[in-house]
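I am attaching a structure below and will ask some questions about it afterwards.
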Amino acid sequence: MCGIIGYIGHKNAVPILLDGLARLEYRGYDSSGLSVMNGRGNLRILKKVGPLANLVKLIEPLHLDSSIGLGHTRWATHGRPLDHNAHPHGDCIGSIAVIHNGIIENFQELKEALQKKGHRFSSDTDTEMIAHEIEETLAKDKVTLEEAVRKTLQKLKGTYALGVMHQAYPDLLIAARKGSPLVIGLGKDENFIASDVSPLLTETRKVIYLQDEQMAVLKRNECKVKNLLGRTVRSKIDHVSWNLDQAEKGGFEKFMLKEIHEQPGILKNVWMGRIDLKKGSVRFESEILTSLQIKVIRRVIIIACGTAYYAGLCGKYILEHYTNIPVEVDLGSEFRYRPIKVSRGTLVIAVSQSGETADTLASIRKAKELGCRVLSIVNVVGSTLTRESHSVIYTQAGPEIGVASTKAYLTQLAAFYLLSVYLGRAKHQMPDDVAETLLSELVKIPDKIQWVLDHQESIKACAKKYYRAKSSFYLGRGFNYPTALEGALKNKEISYSHAEAYAAGEMKHGPIALIDKTFPVVCICTRGSVYEKMISNVKEIQARRGKLIIIANSKDRVLEELADDRIEVPETLEELSPLVNVIPLQLLAYYLALYRGCDIDRPRNLAKSVTVE
């Protein structure tokens, strides 16, 4: 997820672009850049790795003045965070500048074709190919910039929000969208493009929300929206009434709620380009394990901390179910301090959102000393963990502002499902029909999550009913035992209410002593191999008059009669149910904290990245 901003008008574009990037930095923060026209009509691109402050420091002494420009703040997907991978990207002769948010799936084949025609590339990104493709089309077909961009877009597979400028067209800015957000801002003798409305609100309140497969052709006093066939389309002009704080949160009250609602779209991005439904297979952006390395795997150790540990625990259930490989899960803070015996064929999988968690880093260093291969599941590209691991699966969750992890956790689970198919197929443990069924259902999960988000009133009502409770239990079995652990952690993190999770079968071995008529118990009771066992556990709580909050599949009449409060979720494969079932638990924690008056995005005593022991 990257932030893009563009301007064409009668003012100096540079301060507008920099101010816009500051408001978009939450979307990406590993590098930034801008392109402008200088006084001689030549295009200039300036970019710098690191936070936006580094770019500002580079630009300020130059006293740039231009009435057209593009700006970008990056969250890396293709290529490490380095100066040459930062946006904007240009063509061979420096006449074109392109900024991009999204992922181009077929960039490699297009890039190779361009290289054969003599194009020289200077970055590791998918975006640079777009600039060269436009350059090639302009030279070969002798068309206008608008037509060259349109022809290029027709070749792209994947998602994009694009801004394009060319030094031969100093009065023209072109934008396009497919699958990634893009807003057009309309001013008096000036127009704007941006990833969201937050950078626009100091300049204009009139916006057009560009739709998929639409282009905007912008001049200082003109905006035409067209489809990819070149036909002009009528677009609704909206008036934005939000304030800046609301805009940065996309209209949501808190970043955490915004990030919960982002999860269906994020998950679609995780699947895109990785799942091949026709072949029933999974591929990653680069080779994570060779066929020989896969063949010798005899044992897996997952290392993580906090929420990532619970994702790893769920990963254990998933990997063992689909690959038949024995899996252990260890806390980073424990693994590093105890003697551990490893043998040939031990794969260590480290899980971290930030890639900077101190205990996890120390543990993988120990694992490498013991001769283990380390594969990491990480969100932040270029983090220490990515550099010190042998290979990486990026979760592609985008920046997560809320301290309590939501979309990062979900994408860590997603990575384990993809890895399980990848290894299961490679080790001949997963038949074709199983792989096809699993992947076909995986791609439906975003819509099922969206269903939960669209029907959250029961969750909100439940939170209002129980927010004064001092303690609660969360129960799950099998694949959803880790889901219960994560749900209880979310409650503790942001509502400061005591919550404990147990494997439901362990309830009678001590914790049940605490149950009384005031005690809420959240039970994950979706259908699966342990469904009847969960009903027995529910009845044990009911017999002690505990307050039962039950997560159940729609139209489950058995649990409808048992529950004091019932939260419905769509049905899916039992193995995939953690992806859906965690959503109501995230929302329940959010609303419990909201009713308790807590600072949800910045819970006390916590940090987003724990870089100390």
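About its Cα centre, what dipole magnitude does region 389-535 give when the only charges are +1 on Lys and Arg Cβ and -1 on Asp and Glu Cβ, stated in debye to the nearest 20? Intermediate results must be reported in sequence, preceding the final value.
Numbers: 17 positive and 14 negative charges, 113 e Å.
Charge dipole of region 389-535: 540 debye, to the nearest 20.
Could you calculate, for region 322-362, the ratio of the Cα radius of gyration to the Kirkwood radius, expressed as Rg to Rh?
Here Rg/Rh amounts to 0.99.
Ratio to report: Rg/Rh of region 339-402, with Cα atoms as the point set and Rh obtained by the Kirkwood method; give two decimals.
Details: Rg = 12.1 Å, Rh = 12.0 Å.
Computed over Cα atoms, the ratio is 1.00.
Calculate the dipole size of the chain relative to its Cα centre from +1 charges on Lys and Arg beta carbons and -1 charges on Asp and Glu beta carbons; express the result in debye to the nearest 20.
Taking the Cα centre of the chain as origin, the dipole is about 320 debye.
Same structure, new question: Report, in deg cm²/dmol and to the nearest 500, the calculated mean residue ellipticity at 222 nm for the chain, where each DSSP H run with n ≥ 4 adds -39500 (n - 2.57) and the sum is divided by the residue count.
Numbers: 21 runs with 223 residues, N = 613.
Result for the chain: -11000 deg cm²/dmol, rounded to the nearest 500.
I want to check the label-to-label distance for LEU62 and ASP171. Put each point 7 Å from Cα in the C-beta direction and report it in nm to one decimal.
In this crude spin-label approximation the distance works out to 2.6 nm.
Checking a compactness column here: for region 277-378, what do you get for Rg(Cα) / (2.2 N^0.38 Å), N being the number of residues?
Against the empirical 2.2 N^0.38 Å value, I get 1.07 for region 277-378.
What is the percent of Cα-Cα separations in region 473-549 that go past 20 Å?
24 percent
Can you give the local net charge around ILE550? Use residues other than it whose beta-carbon is closer than 10 angstrom to its beta-carbon, Lys and Arg +1, Asp and Glu -1.
Details: positive: ARG566; negative: ASP556, GLU560, ASP564, ASP565, GLU568.
Counting the neighbours of ILE550, the net charge comes to -4.
Using all Cα-Cα distances in region 442-507, what percent lands in each 10 angstrom bin from 0 up to the longest?
Distribution as computed: 19, 38, 37, 5 percent.
Here is a follow-up. Please work out the C-alpha center-to-center distance from region 438-511 to region 113-140 and express it in whole Å.
49 Å
Now for a separate question. How long are the three semi-axes of the equivalent ellipsoid for the chain, computed from the Cα gyration tensor as the root of 5 times each eigenvalue, in whole Å, largest first?
Semi-axis lengths for the chain are 44, 28, 22 Å.
Let me ask another. Given a Förster distance of 45 angstrom, what is the FRET efficiency for ARG557 paired with ASP599, based on the Cβ-Cβ distance and rounded to 0.05?
E(calc), rounded to 0.05, equals 0.65.
I've got another one for you. Could you work out the pair-distance distribution P(r) of region 128-187 from its alpha-carbon pairs, with 5 angstrom bin width and percents rounded to whole numbers?
With 5 Å bins starting at 0, P(r) equals 4, 17, 29, 25, 16, 7, 2, 0.
Pop out the carbon and sulfur fraction of the accessible area of the chain as a percent, whole number, probe 1.4 Å.
Numbers: 11860 of 24500 Å².
It is 48 percent, rounded to a whole number.
Go through 368-376, 81-89 and give me the packing order, highest mean Cβ count within 10 Å leading.
81-89, 368-376
Then there's this: Name the residue farthest towards the positive end of the dipole of the chain from the options ALA461, ALA499, PHE284, assuming +1 on Cβ of Lys and Arg, -1 on Cβ of Asp and Glu, about the Cα centre.
So the residue we want is ALA499.
Taking the Cβ of GLY94 as the centre, find all other residues whose Cβ is under 12 Å away and add up their charges (Lys, Arg: +1; Asp, Glu: -1).
Local net charge: 0.
Considering only protein heavy atoms, what is the solvent-accessible area of PHE107 at a probe of 1.4 Å, reported in Å² to the nearest 10?
Counting only protein heavy atoms, PHE107 exposes about 30 Å² to solvent.
Let me ask something else. Hey, if you drop one equal point scatterer on each alpha-carbon of region 9-135 and run the Debye formula without solvent, what base-10 log of I(q)/I(0) do you get at q = 0.10, 0.20, 0.23 Å⁻¹?
-0.30, -1.12, -1.36
Let me ask you something else. Just to confirm, what accessible area per residue do you get for region 515-601 at 1.4 Å probe, in whole Å²? Write out the running numbers ahead of the final one.
Numbers: 3240 Å² over 87 residues.
On a per-residue basis, 37 Å².
Moving on. Accessible area per residue, 1.4 Å probe, Å², for region 270-366: what's the number? Numbers along the way, then the final one.
Values: 4230 Å² over 97 residues.
Counting only protein heavy atoms, the per-residue value for region 270-366 is 44 Å².
Something else: Take the alpha-carbon positions of region 96-218, form their convex hull, and give its projected area averaged over all directions (one quarter of the hull surface) in nm². Each step should come with its number before you reach the end.
Working: hull surface 30.5 nm².
Reported value for the Cα convex hull: 7.6 nm².
The values are calculated or read from the model by the stated rules, or taken from the named source; none is laboratory data. Quantities reported herein were computed from a predicted structural model and do not represent experimental measurements. Please note: Cβ atoms are built from the backbone with ideal geometry, for glycine as well, and neighbour counts cover all protein chains shown. Quick note on the areas: whole protein, heavy atoms, side chains included, nothing else; ligands and nucleic acids left out. Shrake-Rupley method; radii C 1.70, N 1.55, O 1.52, S 1.80 Å.
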